[in-house]
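*Asks:* One structure coming up, written as structure tokens, with questions to follow.
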Amino acid sequence: MKMRLLILSLLLTCLAAAVPAQEEEKFIVLASTTSTEASGLFGHIIPIFRDKTGIDVRVVAVGTGQAFKIARNGDADSLLVHDTVGEKKMVEEGFATARRDVMYNDFVIIGPASDPAGVKAAKTAAEAFQMIREKEAVFASRGDDSGTHRAEKRIWESAGGLPERSWYRELGSGMGATLNSAAAMEAYVLADRGTWISFANRQNLAVVFEGDPVLFNQYGSLLLSPERMPHLKHDLAKTWHEWLVSPEGQAAIAEFKLNGEQLFFPNAE
């Protein structure tokens, strides 16, 4: 009996040695924006990328300013955001080694369909904001240092400066939550078109101004620095970065639509 047990033990040991260890799951952590996540874009393109490469992408969806902080702290392997000035600064400061245009859409000014400030007659986004200021119409700002919030502040600066009045409500929340608050308050708000298209709780809100070139909304992908952050999964992140700007990645972005509308337009060069 003891001999049998010994032989069985040896056989099991040999079998265990013959079976290769299960391959660890390959994934990267991506710091990105609430607009790319809430719109459903990642739900569409990440499975295509995963099937192609075997690499999963786990998204941390925050405002662009917070995404920059996460990347600088070395807590994400890759970065996809929409503040070109801030992105180029990441490269200049040595936190990232490369940046590529990936896709674009635009910002729109949303407001009550009745448009109490009359911004539908504005010729520029700055003029629309001036009209809101003159009427002291309620304006809901994300107030979260996101790419959208940064764009909004630039428009306010061109329209006479950031308001410091009770009608200007800084919420400190993501795009979806800000739109919900704007719907409840019947307030004006600057939104990215992708989130607006996917937003269901519109109530009395509508697009009241669009088309100014300053509302162009560019998204970029960054490769983070191996020297500053050697612990990150740089090889896997590079595979993701290069796939986004490849013909296949660009086609996947273009294919994503809601209610027949395209939310993001690829423009990698």
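*Asks:* Collect the residues in segment 178-200 that are open to solvent by less than 50 Å² (accessible area, probe 1.4 Å), free of Cβ contacts under 8 Å to residues at least 40 places away in the same chain and either assigned to a helix (DSSP H, G or I) or in contact with a His (Cβ under 7 Å, 6 or more places away or on another chain) (or both), keeping them in residue-number order. Don't jump to the end; show me each part of the working.
*Replies:* Pass one, segment 178-200, residues open to solvent by less than 50 Å² (accessible area, probe 1.4 Å): 178-179, 181-183, 187-192, 194-199.
Restricting the remaining residues to those that are free of Cβ contacts under 8 Å to residues at least 40 places away in the same chain gives 178, 183, 199.
Residues satisfying the conditions are Thr178, Ala183.
*Asks:* Any residue at all in segment 222-243 that's buried (at least 19 other Cβ atoms within 10 Å of the Cβ), closer than 30 Å to Ile132 by Cα and either at pLDDT below 95 or touching an Asp or Glu at 6+ places or on another chain (Cβ under 9 Å) (or both)?
*Replies:* No, segment 222-243 contains no residue that is buried (at least 19 other Cβ atoms within 10 Å of the Cβ), closer than 30 Å to Ile132 by Cα and either at pLDDT below 95 or touching an Asp or Glu at 6+ places or on another chain (Cβ under 9 Å) (or both).
*Asks:* If I ask for residues that are more than 23 Å from Val81 (Cα to Cα) and either part of a loop (DSSP other than H, G, I, E, B) or under 16 Å from the mean Cα position of the chain (by Cα) (or both), which ones from segment 137-156 would you list? Break it down into steps so the answer makes sense when it comes.
*Replies:* In the first step, residues of segment 137-156 are kept if they are more than 23 Å from Val81 (Cα to Cα); the result is 137-139.
Ala137, Val138 - these are the residues of segment 137-156 that are more than 23 Å from Val81 (Cα to Cα) and either part of a loop (DSSP other than H, G, I, E, B) or under 16 Å from the mean Cα position of the chain (by Cα) (or both).
*Asks:* Given the conditions (1) over 16 Å from Val57 (Cβ atoms); (2) open to solvent by less than 20 Å² (accessible area, probe 1.4 Å); (3) among the polar types (S, T, N, Q), which single one is not true for Asn204?
*Replies:* That leaves (2) as the condition not met.
*Asks:* While we're looking at this one, here's another question. Filter segment 244-262 down to residues that are part of a helix (DSSP H, G or I) and within 18 Å of the chain's Cα centre (by Cα) and give me whichever is surrounded by the most Cβ atoms within 10 Å (Cβ to Cβ). Write out each step before concluding.
*Replies:* Looking only at segment 244-262, we keep the residues that are part of a helix (DSSP H, G or I), and these are 244, 247-255.
Add one more test, that the residue is within 18 Å of the chain's Cα centre (by Cα), and what stays is 244, 249-250, 252-255.
Numbers: Leu244: 25, Gly249: 23, Gln250: 18, Ala252: 21, Ile253: 23, Ala254: 14, Glu255: 12.
Result: Leu244.
*Asks:* Just wondering, is there one or more residues in segment 157-167 that are surrounded by 19 or more Cβ atoms within 10 Å (Cβ to Cβ) and outside any loop (DSSP other than H, G, I, E, B)? Working first, answer last.
*Replies:* Residues of segment 157-167 that are surrounded by 19 or more Cβ atoms within 10 Å (Cβ to Cβ), as a first pass: 159.
Within this subset, residues satisfying the condition of being outside any loop (DSSP other than H, G, I, E, B) are none.
The answer is no; no qualifying residue exists.
*Asks:* Can I ask one more? Criterion first (in contact (Cβ under 8 Å) with a residue 24 or more places away in the chain and closer than 23 Å to Gly86 by Cβ) does Ala252 satisfy it?
*Replies:* On the way: in contact (Cβ under 8 Å) with a residue 24 or more places away in the chain: yes; closer than 23 Å to Gly86 by Cβ: no.
When the stated conditions are applied, Ala252 does not pass them.
*Asks:* Considering each of Arg150, Arg142, Arg154 in turn, give the residue that is out of contact with any Pro (no Cβ under 9 Å at 6 or more places or on another chain), open to solvent by less than 40 Å² (accessible area, probe 1.4 Å) and in contact (Cβ under 8 Å) with a residue 60 or more places away in the chain. Full working, then the answer.
*Replies:* On the way: Arg150 fails: open to solvent by less than 40 Å² (accessible area, probe 1.4 Å); Arg154 fails: open to solvent by less than 40 Å² (accessible area, probe 1.4 Å).
Sole residue among the options that is out of contact with any Pro (no Cβ under 9 Å at 6 or more places or on another chain), open to solvent by less than 40 Å² (accessible area, probe 1.4 Å) and in contact (Cβ under 8 Å) with a residue 60 or more places away in the chain: Arg142.
*Asks:* Condition test on Leu222, is it under 16 Å from Ala31 (Cα atoms) and part of a helix (DSSP H, G or I)?
*Replies:* Working: under 16 Å from Ala31 (Cα atoms): yes; part of a helix (DSSP H, G or I): no.
No; evaluated as a whole, the condition is false for this residue.
*Asks:* Go through Val59, Val102 for me and flag whichever is at pLDDT 95 or above, over 19 Å from Arg150 (Cα atoms), touching an Asp or Glu at 6+ places or on another chain (Cβ under 6 Å) and outside any helix (DSSP H, G or I). Talk me through it step by step, then tell me what you get.
*Replies:* Working: Val102 fails: touching an Asp or Glu at 6+ places or on another chain (Cβ under 6 Å).
The unique qualifying residue is Val59.
*Asks:* Among the numbered criteria (1) open to solvent by less than 40 Å² (accessible area, probe 1.4 Å); (2) farther than 16 Å from Tyr104 by Cβ; (3) free of Cβ contacts under 8 Å to residues at least 60 places away in the same chain, which one does Phe209 miss?
*Replies:* Here Phe209 meets the rest and fails (3).
*Asks:* Now for a separate question. Looking only at segment 77-100, decide whether some residue is open to solvent by 10 Å² or more (accessible area, probe 1.4 Å), of a type in the set (Phe, Trp, Tyr) and out of contact with any helix residue (DSSP H, G or I) (no Cβ under 7 Å at 6 or more places or on another chain).
*Replies:* no
*Asks:* Consider segment 62-76. How many of its residues are in a loop (DSSP other than H, G, I, E, B) and either buried (at least 16 other Cβ atoms within 10 Å of the Cβ) or of a type in the set (Val, Ile, Thr) (or both)?
*Replies:* Taking segment 62-76 first, the residues in a loop (DSSP other than H, G, I, E, B) are 63, 73-76.
Among the residues that remain, those that are also either buried (at least 16 other Cβ atoms within 10 Å of the Cβ) or of a type in the set (Val, Ile, Thr) (or both) are: 63, 76.
Count: 2.
*Asks:* Hey, any hits in segment 108-121 for a residue that's part of a strand (DSSP E or B), touching a Lys or Arg at 6+ places or on another chain (Cβ under 7 Å) and open to solvent by 30 Å² or more (accessible area, probe 1.4 Å)? Reasoning before the result, please.
*Replies:* Let us first name the residues in segment 108-121 that are part of a strand (DSSP E or B), namely 108-112.
With the extra rule that they be touching a Lys or Arg at 6+ places or on another chain (Cβ under 7 Å), the set shrinks to 108.
Those still in the list that are open to solvent by 30 Å² or more (accessible area, probe 1.4 Å) too: none.
For segment 108-121, residues part of a strand (DSSP E or B), touching a Lys or Arg at 6+ places or on another chain (Cβ under 7 Å) and open to solvent by 30 Å² or more (accessible area, probe 1.4 Å): absent.
The values are calculated or read from the model by the stated rules, or taken from the named source; none is laboratory data. Just so it is clear, the structure is predicted and the values come from calculations on it, not from any experiment. Don't worry about glycine lacking a Cβ; one is built from the backbone with ideal geometry, like all the others, and counts go over all protein chains shown. Surface areas here come from the heavy atoms of the whole protein model, side chains and all, with no ligands, DNA or RNA. Shrake-Rupley method; radii C 1.70, N 1.55, O 1.52, S 1.80 Å.
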